[in-house]
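Written out below as structure tokens is the structure these notes cover.
Bear in mind these aren't lab numbers, they're just calculated from the coordinates by the rules spelled out. Owing to the predicted nature of the structure, the values given are computational and were not obtained by experimental measurement. Here the Cβ positions follow ideal geometry from the backbone for every residue, glycine too, while neighbour counts run over all protein chains shown.
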Amino acid sequence: MRICTFCDTRYDNKGWQCPECQASPANIEGFPVLAEALAQANSGYNIEHFAKLAPLEASNFWFRSRNRLLIWALQKHFPEMGNLFEIGCGTGYVLSGIERAFPKVKLSASDIYTAGLKFTKGRVDRADLFQMDARNIPFDSEFDVIGAFDVLEHIVEDHQVLSEMYRAVKPGGGIVLTVPQHQFLWSQTDVRACHVRRYSAVELKDKVEEAGFSIKMSTSFVSLLLPLMMISRSRIRKIDNCDQTAELMVGCVTNWILEKILDLERILIRGGLYFSAGGSLLLIAEK
């Protein structure tokens, strides 16, 4: 069920025009825009990063490994899902992987920037794309699964986003979250990426439960690479203007080795070995 952003009417039809007040959101660059003031510029993310990340993701060990882990998590915990909504889809790399893995699932995705949606549109064939502020999700009991993959750390009001997600997901459905973990890893990379926090597992679990969800599963990942990440971050702290993608720019051989290490880590997670420490955190919760 949709919620009109102008008069708060709830309605079932799939179009964006409200049957009560007849209002429709603006359209910018071919996308419905629900938070127009934030669509071109805001403090949550640097728009220039889309062009840097887009050509890097498909061959980089970190993005490839995260996609495989997310697809496994969705297959394990939500095998019967009929639709999925991704918040903060960015360049569309994760959504493109989900589209291939779940050809029968109806997909929707949003980003705070219309520029990000343009990248997503170039990668994904069958998704409903629209611009949105994650602090105001205009749906009620609409989705089987909502995903936010490295999004919450950009938003000061993460508790509000989680509450909005709770309303928007169907009873029996759930959420899949990934976030950067461990404040001791904080560096200029986080600053350049417009992060406002790195989470602890306890903090994320507490906030998710406060929103009303029940935790189904939680594990760290990029755990076997944590010592290397700690070394890298200690070096980056000494650099004032580091590139957000600096850690990811590795040679072909190194990239292959790191991906194989994360392949092993994923096998261990699939076997039930959940890690307590790692560069990132994966959490699955149910409404």
Packing-ranked peptide list from 276-282, 3-9, highest mean Cβ count within 10 angstrom first, is 276-282, 3-9
Under the Karplus relation with 6.51, -1.76 and 1.60 and θ = phi - 60°, whole-Hz ³J(HN,Hα) for segment 179-187, x at Gly and Pro, equal 8, x, 10, 6, 5, 5, 8, 4, 7
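Place the peptides 51-58, 153-160, 83-90, 16-23 in order of packing, highest mean first, counting for every residue the other Cβ atoms within 10 Å and averaging per peptide.
On the way: 51-58: 15.4, 153-160: 18.4, 83-90: 24.8, 16-23: 13.9.
Packing order, densest peptide first, comes out as 83-90, 153-160, 51-58, 16-23.
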FRET efficiency for Gln183 and Lys121 from the Cβ-Cβ distance with R0 = 25 Å, rounded to 0.05, comes out at 0.10
Straight-line reach check, Lys76, cutoff 16 Å on alpha carbons, 8 or more apart in-chain or any other chain, hits among aspartates and glutamates -> Asp144, Glu286
Scaled by the rule-of-thumb 2.2 N^0.38 Å, the alpha carbon Rg for the chain gives a ratio of 0.98
Helix 158-168 sits off the longest principal axis of the Cα atoms of the chain, rounded to the nearest 10 on a 0 to 90 degree scale, by 50
Scalar couplings 3J(HN,Hα) for segment 266-274 by Karplus 6.51 cos²θ - 1.76 cosθ + 1.60 (θ = phi - 60°), nearest whole Hz, x for Gly and Pro, are 5, 4, 5, 5, 4, x, x, 8, 9
In terms of the charge dipole of segment 50-167, which places +1 on Lys and Arg and -1 on Asp and Glu at the beta carbon, the residue among Ala101, Phe143, Phe50 farthest towards the positive end is Ala101
Between the Cα axis of helix 114-123 and the main Cα principal axis of the chain, the angle (0 to 90°, nearest 10) is 80
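By how many nm would the segment from Glu36 to Arg266 lengthen if fully extended, with 0.36 nm per residue of separation less the alpha-carbon distance? Spell out each step's value before the answer.
On the way: separation 230, 0.36 × 230 = 82.80 nm, distance 3.96 nm.
Here the answer is 78.8 nm.
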For segment 163-217 the mean separation of alpha carbon contacts under 8 Å (6+ apart) over residue count, i.e. relative contact order in percent, is 37
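Quick one: of the DSSP bridges fully inside the chain, what percent are antiparallel, nearest 5?
Numbers: 21 of 43 bridges.
Given both bridge residues lie in the chain, the antiparallel proportion sits at roughly 50 percent.
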Violations at 28 Å Cα threshold for listed pairs Lys52/Lys216; Lys121/Lys287; Lys121/Lys170; Lys52/Lys170; Lys14/Lys287; Lys170/Lys205 -> Lys52/Lys216; Lys121/Lys287; Lys52/Lys170
